[in-house]
Amino acid sequence: MATGTVLRISSRNYSSWSLRGFLLARLSGLPFTVEVVSKDDPTTRAELLMQSSSIRIPSLLHDGAEVWDTTAIGEFLNELCPKAQMLPKDRMARARCRSISGEMHAGFHALRSSLPMNLRAHHPGFTVWSAARADIERICQTWRDCLAEWGGPWLFGARPSVADAFYAPVVTRFRTYDVKLDAVCEGYAKQVLAWPDMVEWAADAEAEMDEKIEELELDAEF
């Protein structure tokens, strides 16, 4: 059993929540170990298939506290490691960062259900229906607004923040399902995919030897 600070995650390939938790933990600079919960656990599988009313994985275990829900994990780590500047220094930027992170956490249900995260898959020419397209446009407008106001290359300037961790799984969805982006959003997507912590996560997802979850393996004709 791992000791010290532990981040409990599920599938690296399928779990957007686990990816967010990992990126948040890395942003904090806090040393931690990763403990993988089997995706075949009934609770974990229900979360991956969005059949659960709440998401308990990832969870962070630190100094006797257990924190789950990625918003709570982000706030906990920001309090614990203030020098990491996980949220922007400027008050207005912090407010926007929290707002768009909360929107990502709670919204975009059409995108989540019709384009599930699957790092090992690629579907050229995938048909994206209107409800998911509306979500995609809202996300891209959010990116354009932040990049224009705070200058990039990250959503709030020169360094990644909580918001970039929250939107990173969406970038992987856009790649998996061949979503075409304008030049600004494409540049941001490339920035996220080149993030060393993202590169590490993607490599580990590729190396995972777990079996496929058929419900999350969509065909291009879907």
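The values are calculated or read from the model by the stated rules, or taken from the named source; none is laboratory data. Please read all numbers here as calculations on a predicted model, not as lab measurements. As a convention, Cβ positions derive from the backbone with ideal geometry for all residues, glycine included, and neighbour counts pool all protein chains shown.
The test for being touching a residue at least 12 places away in the same chain (Cβ under 8 Å), in contact with a Pro (Cβ under 8 Å, 6 or more places away or on another chain) and among the polar types (S, T, N, Q) does not hold for THR127.
Among the conditions (1) in a loop (DSSP other than H, G, I, E, B); (2) over 21 Å from PHE156 (Cβ atoms); (3) at pLDDT 95 or above, LEU60 misses just one, which is (1).
In the range 91-103, is there at least one residue being in a loop (DSSP other than H, G, I, E, B), surrounded by 15 or more Cβ atoms within 10 Å (Cβ to Cβ) and either at pLDDT 95 or above or of a type in the set (Lys, Arg) (or both)? Looking through the range 91-103, none of the residues is in a loop (DSSP other than H, G, I, E, B), surrounded by 15 or more Cβ atoms within 10 Å (Cβ to Cβ) and either at pLDDT 95 or above or of a type in the set (Lys, Arg) (or both). Taken as a whole, the structure places SER113 among residues that are in a helix (DSSP H, G or I) and modelled with pLDDT under 95.
Restricting to the range 10-42, and then to whatever is among the aliphatic types (A, V, I, L, M) and either assigned to a helix (DSSP H, G or I) or in the same structural domain as PRO196 (by TED's automatic domain parsing) (or both), can you tell me which residue is surrounded by the most Cβ atoms within 10 Å (Cβ to Cβ)? Before you say what the answer is, go through the steps one by one.
Quick first cut of the range 10-42, residues among the aliphatic types (A, V, I, L, M) only: 19, 23-25, 27, 30, 34, 36-37.
Right, trim to either assigned to a helix (DSSP H, G or I) or in the same structural domain as PRO196 (by TED's automatic domain parsing) (or both) and you get 19, 23-25, 27.
Details: LEU19: 28, LEU23: 24, LEU24: 25, ALA25: 26, LEU27: 23.
Restricting to residues being among the aliphatic types (A, V, I, L, M) and either assigned to a helix (DSSP H, G or I) or in the same structural domain as PRO196 (by TED's automatic domain parsing) (or both), the top hit is LEU19.
Condition check for MET86 on (1) of a type outside the set (D, E, K, R); (2) in a helix (DSSP H, G or I); (3) surrounded by 13 or more Cβ atoms within 10 Å (Cβ to Cβ): one failure, at (2).
Has the range 121-132 got at least one residue that is surrounded by 13 or more Cβ atoms within 10 Å (Cβ to Cβ), within 18 Å of the chain's Cα centre (by Cα) and assigned to a helix (DSSP H, G or I)? Among the residues of the range 121-132, at least one is surrounded by 13 or more Cβ atoms within 10 Å (Cβ to Cβ), within 18 Å of the chain's Cα centre (by Cα) and assigned to a helix (DSSP H, G or I), which makes the answer yes.
Scanning the range 187-206 for residues that are acidic (Asp, Glu) and surrounded by 14 or more Cβ atoms within 10 Å (Cβ to Cβ) gives ASP197, ASP204. Taking the range 133-162 as the range and being part of a loop (DSSP other than H, G, I, E, B), in contact (Cβ under 8 Å) with a residue 60 or more places away in the chain and over 30 Å from ALA207 (Cβ atoms) as the test, only PHE156 passes.
For the residues CYS140, CYS146, the requirement of being more than 16 Å from ASP178 (Cα to Cα) and buried (at least 17 other Cβ atoms within 10 Å of the Cβ) singles out CYS146.
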